[in-house]
């Protein structure tokens, strides 16, 4: 396209076209460029693209920013606000103003989509958001007006803390991994065009995953990196247990550190894939119907055990948590990072970041003479912590994990969702 434009300019100059016609021609080219590049799917970066992405906004965008007095932020600010990549960990709500299809093809992690041409249809996503919550709006880059249009609308609706990331998805994609939607992953699977990596614990991977996916957790990638492709341009998509699961984001960052520069995260993960009725490795397996044996409830020091090996009974613990009646001989250990823990946790839970320690060190840090119950935001990391101890032959007779997810506010008021049993006996 650029070569064609340059040839055209030389042809015009050589023919001695008068100045006015030359200016009209240049303006026409600019209009075409704006139409196609505003929210286009970007090609791999080049030196020229790097320069353009960092340039000043085009006049029309700059005028909107100035007219509506919109605050502009840069990549460093946005990266910090994204947090760990999940919507819960983000310090602001990110709003992608591009068309929905473009949003699905790649966006800044944790973003929601409010296209500038369909604001009324999508604005309901902010119905429960406080008007002083920070909102960061972006689109395709410095030549894209869509973010300014949406930001103006939000400001007129009373939202008081609005930022615009002018460099947008174009700059973010060059410097970091993006989040992709279900249709993109489905198409890639059908065409065998991407390497899928399941970042959930291996026991969950065995119970069912997306066909063709490789099993490498974020905590094992250092030891299993020999399974990764030698070609650092390979398109890789990581996933785990849904939008609240940070493991796929952690894995994406580590893959980037290894030099892979075409990494995306499917944040909807296995739950969204399964809910869509798409094929999984668990579908089609034969089951033998048997009459279940009557089983007595099992307890350890008054703690009711679940049907899966190593679990606490979910309903039992959920009831105690919500009624603030967790027995005194029980300690809840939140195994997430301290940053996640401080954003909201189950009342009276203590924090030990299990991923930071080997099994023996983790065991030494656990409270003694109590029943330890591991918890985390979706249940994956608590399961992983339990099996880390078990694999190292640490005594886990008084250690169990809570196979559940939760969402807690800063006052530690939590909504708890139990996961379905895995059938591990």
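Each reported figure results from applying straightforward, stated rules to the coordinates on display, with no laboratory input. This is a predicted model, so every value here is computed, not measured. All Cβ positions, even for glycine, are placed from backbone atoms using ideal geometry, and neighbour counts span all protein chains on display.
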Gain upon complete extension [residue 101, residue 231; 0.36 nm per residue less C-alpha separation]: 43.9 nm
Per 0.36 nm of contour for each residue apart, how much would the distance between residue 409 and residue 297 grow if the chain were fully extended, relative to their Cα-Cα spacing? 37.0 nm
Listing 373, 350 from the residue with the fewest other Cβ atoms within 10 Å to the one with the most, what is the order? 350, 373
How many angstrom lie between the Cα centre of the range 373-425 and the Cα centre of the range 237-263? 21 Å
For labels at residue 192 and residue 309 in the simple 7 Å Cα→Cβ model, what's the distance in nm? 3.5 nm
Using the basic label-point model (7 angstrom from Cα toward the beta carbon), what is the residue 132 to residue 361 distance in nanometres? 4.1 nm
Which whole-number percent is the relative contact order of the range 165-300 (Cα, under 8 Å, 6+ apart)? 29 percent
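Among 180, 72, rank each residue by its count of other Cβ atoms within 10 Å, from fewest to most, as a rough exposure measure. Can you show the working numbers first?
On the way: 180 22, 72 16.
Lowest count first: 72, 180.
With the contact rule set at Cα under 8 Å and sequence spacing of 6 or more, what percent relative contact order holds for the range 299-418? Before the final figure, lay out the partial values.
Values: 220 pairs, mean separation 34.5, N = 120.
Relative CO of the range 299-418 lands at 29 percent.
If you take the Cα atoms of the range 178-275, find Rg, then find the Kirkwood Rh from the mean of 1/r over all pairs, what is Rg/Rh?
Working: Rg = 12.0 Å, Rh = 13.1 Å.
Radius of gyration over Kirkwood radius for the range 178-275 works out to 0.92.
Among 299, 103, what is the fewest-to-most ranking by other Cβ atoms within 10 Å?
Details: 299 12, 103 23.
So the residues, fewest neighbours to most, are 299, 103.
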FRET efficiency for residue 283 and residue 369 from the Cβ-Cβ distance with R0 = 51 Å, rounded to 0.05, comes out at 0.70
Name all residues of the range 99-120 having a backbone nitrogen under 15 Å from the label point set 7 Å from the Cα of residue 79 along its Cα→Cβ direction, giving them as ranges. 109
Below 8 Å, C-alpha to C-alpha, sequence gap of six or more: please give me the relative contact order for the range 52-169 in percent. 33 percent
